[in-house]
Amino acid sequence: MPTINEVWAQIDALPNKYIFNTRKEIRYLPKIMIEGERILALISGYMESRTWLAVCTNRRVIFLDRGFFFGLRQIQMNLDRIQAIESEFGLAFGSIRVWDGASSMNISMVIKSAVAPFVKTVQESIDKYKRLMVHDLANAATQAHPTVDPLKHANPMLDELERLAKLKADGHLNEAEYAAAKAKLLAH
């Protein structure tokens, strides 16, 4: 669990951030972050007529709202469960909506210059997290079955198609990601 000084050091190192009236939420971050979790992007905005902090880490997207005197609302979406992220903006402010398949979080009144970097960071984090999960699954499979049957692996394309189907069945790839990866594989 990081200290508040470590959290502020991570925030200060971010190239794009937007903090407006969310210092009490930032002070709460060390209580909910786990060992090895790093802050990658951070914005402030409004949801439900209240100021919220949205934080993208290397593991999840966290939405925090601390009451002025007491109370806390915390919503988190693990990176492997996020289905989509969308954004829009006008002259000065924008909004970001994150979908996890069952629900969505829409944070508005985000300064325009912070919208695109936050969305890009979330997208890149999702991609990196999913690639790490695939790598971990491949290592686990190799460790579970260290001997290789040469007849079974005679067709690497078939093995890759089976792997993609398993990732989709386990919920690690959505339909669009599966279709894109399959088309790319079959094109080669």
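The values are calculated or read from the model by the stated rules, or taken from the named source; none is laboratory data. Since the structure is predicted, the reported quantities are computational estimates derived from the model, not experimental observations. Reconstructed Cβ throughout: ideal geometry from the backbone, glycine too, with neighbour counts over all protein chains shown.
Report whether or not Phe63 is in a loop (DSSP other than H, G, I, E, B), of a type in the set (Phe, Trp, Tyr) and surrounded by 15 or more Cβ atoms within 10 Å (Cβ to Cβ).
So Phe63 fails the test.
For every residue, the table says whether it meets (1) modelled with pLDDT under 95; (2) assigned by TED's automatic domain parsing to the domain that holds Cys56; (3) in contact with an Asp or Glu (Cβ under 7 Å, 6 or more places away or on another chain).
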position: Ser95; (1), (2), (3): no, yes, yes
position: Ala102; (1), (2), (3): yes, yes, no
position: Ile107; (1), (2), (3): no, yes, no
position: Ala141; (1), (2), (3): yes, no, no
position: Asn155; (1), (2), (3): yes, no, no
position: Ala165; (1), (2), (3): yes, no, no
position: Asp170; (1), (2), (3): yes, no, no
**Prompt:** Does any residue of region 111-122 turn out to be modelled with pLDDT under 90 and farther than 15 Å from Asn58 by Cβ?
**Reply:** no
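Take the conditions more than 18 Å from Arg27 (Cα to Cα) and small (Gly, Ala, Ser) and apply them to Gly71. Does it pass?
Values: more than 18 Å from Arg27 (Cα to Cα): no; small (Gly, Ala, Ser): yes.
Criteria not met by Gly71.
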**Prompt:** Does region 26-37 contain at least one residue that is in contact (Cβ under 8 Å) with a residue 40 or more places away in the chain and closer than 20 Å to Phe118 by Cα?
**Reply:** no
**Request:** Just name the residue that is modelled with the highest pLDDT out of those in region 1-52 that are surrounded by fewer than 16 Cβ atoms within 10 Å (Cβ to Cβ) and hydroxyl-bearing (Ser, Thr, Tyr).
**Result:** Thr3
**Request:** Working carefully through the options Ala54, Ala84, find the one that is in contact (Cβ under 8 Å) with a residue 60 or more places away in the chain and within 16 Å of Ile126 (Cα to Cα).
**Result:** Ala54
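Name every residue in region 94-109 that is of a type in the set (D, E, K, R) and not in a loop (DSSP other than H, G, I, E, B), in order of residue number. Spell out the reasoning first.
Of the residues in region 94-109, the ones of a type in the set (D, E, K, R) are 97, 100.
Once the filter is applied, which keeps residues that are of a type in the set (D, E, K, R) and not in a loop (DSSP other than H, G, I, E, B), region 94-109 yields only Arg97.
Determine, yes or no, whether Ile11 is assigned to a loop (DSSP other than H, G, I, E, B) and among the β-branched types (Val, Ile, Thr). Outline the logic, then answer.
On the way: assigned to a loop (DSSP other than H, G, I, E, B): no; among the β-branched types (Val, Ile, Thr): yes.
No, not satisfied.
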**Output for region 86-96, where each listed residue is among the aliphatic types (A, V, I, L, M) and buried (at least 20 other Cβ atoms within 10 Å of the Cβ)** = Ile96
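Within region 15-27, is even one residue farther than 22 Å from Asn174 by Cβ, of a type outside the set (S, T, N, Q) and touching a Lys or Arg at 6+ places or on another chain (Cβ under 7 Å)? Write out each step before concluding.
Taking region 15-27 first, the residues farther than 22 Å from Asn174 by Cβ are 15-27.
Applying the additional criterion that residues be of a type outside the set (S, T, N, Q) yields 15, 17-20, 23-27.
Narrowing the set further to residues that are touching a Lys or Arg at 6+ places or on another chain (Cβ under 7 Å) leaves 24-25.
For region 15-27, residues farther than 22 Å from Asn174 by Cβ, of a type outside the set (S, T, N, Q) and touching a Lys or Arg at 6+ places or on another chain (Cβ under 7 Å): present.
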